[in-house]
Amino acid sequence: MEYLVTLAEEQQFTRAAAVCGVSQSGLSAAIRSLEEEFGTSLFTRTTRRVVATDAGRALLPFAREMLTQAAAGRDAVVRATRQLSGRLRVGAEQCLGVVDVPPLLERFHRRYPLVDIHFVQAGSHELAAQVRAGDLDVAFVATTDHLASMSPAELGQRPLVLLVPPTDPLATSSRVEWEQLRERDFIDFRESWGVRTLTDAAFAAHGITRRVPCTVDDIHTLLDLIHRGLGIALVPQHVAAKPQAAGLVTVALPPEETPVWVVSAIASGTAEPAALRLLEILDVDAQACGVDGAACVDAAAEEPETSAAVVPTVSVTTA
């Protein structure tokens with residue numbers, strides 16, 4: 001049922017297999033076995049995506065309910081056998097895509113209702129500094145800079161893509177060269193965001209200058225400004241698939257020169273015991289914190305095994 005739900009959300013075998021932590025061939029075989037058991041196709045497979053059939057859509061609510069009941073059962077057992085109190089200080093950058101933090105915190109709260117949860121949202125560099133200082137127990141960040149002392153565990157990756165309004169001269173291109181971005185007006189995040197560091201480094205590496213007249217602290221504001229023709233932006237791939245980005249045009253960068261946005265979990269060496277319990281839930285129940293469903297649909301071809309962004313099993317050891 002977990003495979004069924006994930007494939008319906010991701011609409012791509014490679015991504016669904018990564019989310020579930022299984023091989024693509026294993027997930028495909030499981031879905032085929034399920035279809036044989038029901039005697040009907042649950043998904044329509046095309047060269048670009050996988051879509052649930054009427055039968056598949058009819059089964060989805062029951063599959064989700066089964067997963068919810070299974071999770072509730074595990075939580076009930078944990079509450080009865082592993083009481084935990086204290087506090088949990090968590091931070092995350094906005095819209096990470098490969099991990100959805102609010103459902104993860106909800107899951108933790110159901111298991112450990114006596115733990116006092118404190119949550120903060122900020123840029124990745126700010127969060128890393130707070131973890132390093134012991135002000136946060138665990139954080140979910142989108143940067144690889146200076147994380148070695150906090151035992152980072154990579155959760156997933158996304159390539160950067162260019163987002164432009166439909167009236168932009170680049171909107172008719174399937175791919176853009178870096179030189180075409182010279183002296184363009186960009187909308188970007190503050191320097192505390194991991195993606196800003198990644199973007200600045202990419203432009204510097206190619207010797208390209210750009211203008212950043214609009215700086216934001218919110219993804220939806222960034223998308224709104226692009227819609228209004230105030231600039232273009234480099235964003236992680238899943239951001240370009242958000243409903244708020246509908247109407248904007250996604251343009252690929254040269255494949256061999258495309259920056260990769262990496263999401264990791266980091267933990268403080270003085271983290272509260274509750275932090276390890278949170279990461280255990282992330283490890284054992286990756287589906288509970290999953291990928292942002294339809295927001296992460298990949299338009300790549302389906303059946304062939306690829307090296308698309310993988311969400312590996314999480315294992316975090318505090319420094």
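The values are calculated or read from the model by the stated rules, or taken from the named source; none is laboratory data. Note that the coordinates shown come from a computational prediction; the quantities given were computed from them, not determined experimentally. Reconstructed Cβ throughout: ideal geometry from the backbone, glycine too, with neighbour counts over all protein chains shown.
Can you name the number of the only condition in (1) of a type outside the set (Gly, Ala, Ser); (2) without any contact (Cβ under 8 Å) to a residue 40 or more places away in the chain; (3) surrounded by 14 or more Cβ atoms within 10 Å (Cβ to Cβ) that Pro61 fails?
With (1) of a type outside the set (Gly, Ala, Ser); (2) without any contact (Cβ under 8 Å) to a residue 40 or more places away in the chain; (3) surrounded by 14 or more Cβ atoms within 10 Å (Cβ to Cβ) applied to Pro61, the lone miss is (3).
Using beta carbons and a limit of 7 Å, which pairs, at least six apart or on different chains, have the first residue in the range 220-238 and over 14 Å from Gln94 (Cβ atoms) and the second one buried (at least 16 other Cβ atoms within 10 Å of the Cβ) and of a type in the set (Lys, Arg)?
The qualifying pairs are Ile232/Arg184; Gln237/Arg158.
Write out, first by first residue and then by second, each pair whose Cβ atoms fall under 7 Å of each other, whose residues are 6+ apart or on separate chains, and whose first residue, in the range 171-182, is assigned by TED's automatic domain parsing to the domain that holds Ala202 while the second is surrounded by 13 or more Cβ atoms within 10 Å (Cβ to Cβ) and assigned to a helix (DSSP H, G or I).
Val176/Leu170; Gln180/Leu170
Any residue at all in the range 26-44 that is without any contact (Cβ under 8 Å) to a residue 40 or more places away in the chain, closer than 21 Å to Ile281 by Cα and not aromatic (Phe, Trp, Tyr)?
No: the range 26-44 contains no residue that is without any contact (Cβ under 8 Å) to a residue 40 or more places away in the chain, closer than 21 Å to Ile281 by Cα and not aromatic (Phe, Trp, Tyr).
I'm trying to understand the selection: among the residues of the range 5-49, which are out of contact with any helix residue (DSSP H, G or I) (no Cβ under 7 Å at 6 or more places or on another chain), among the hydroxyl-bearing types (Ser, Thr, Tyr) and modelled with pLDDT of 85 or more?
Ser25, Ser33, Thr44
Kindly check whether there is at least one residue in the range 150-170 that is in contact with a Lys or Arg (Cβ under 7 Å, 6 or more places away or on another chain) and either in contact (Cβ under 8 Å) with a residue 12 or more places away in the chain or basic (Lys, Arg) (or both).
Among the residues of the range 150-170, at least one is in contact with a Lys or Arg (Cβ under 7 Å, 6 or more places away or on another chain) and either in contact (Cβ under 8 Å) with a residue 12 or more places away in the chain or basic (Lys, Arg) (or both), which makes the answer yes.
Would you mind stating whether His227 is farther than 18 Å from Gln121 by Cβ and modelled with pLDDT of 95 or more?
Against the criterion (farther than 18 Å from Gln121 by Cβ and modelled with pLDDT of 95 or more), His227 qualifies.
With the structure loaded, tell me whether Ile266 is in a loop (DSSP other than H, G, I, E, B) and modelled with pLDDT of 90 or more or whether it fails that test.
Judged against the criteria, Ile266 is not a match.
How many residues, within the range 261-282, are out of contact with any strand residue (DSSP E or B) (no Cβ under 9 Å at 6 or more places or on another chain), surrounded by fewer than 18 Cβ atoms within 10 Å (Cβ to Cβ) and touching a residue at least 24 places away in the same chain (Cβ under 8 Å)?
So the answer is 2.
List the strands (runs of 3 or more DSSP E) that sit entirely inside the range 207-260 and contain at least 1 residues that are loosely packed, with under 15 Cβ neighbours inside 10 Å and either out of contact with any His (no Cβ under 8 Å at 6 or more places or on another chain) or not assigned by TED's automatic domain parsing to the domain that holds Ser124 (or both).
211-216
Kindly indicate the residue of the range 124-139 that is in contact (Cβ under 8 Å) with a residue 24 or more places away in the chain and surrounded by fewer than 24 Cβ atoms within 10 Å (Cβ to Cβ) and also nearest to the chain's Cα centre (by Cα) among those meeting that condition.
This residue is His125.
Restricting to the range 153-191, what's the tally of residues that are hydroxyl-bearing (Ser, Thr, Tyr) and buried (at least 17 other Cβ atoms within 10 Å of the Cβ)?
0
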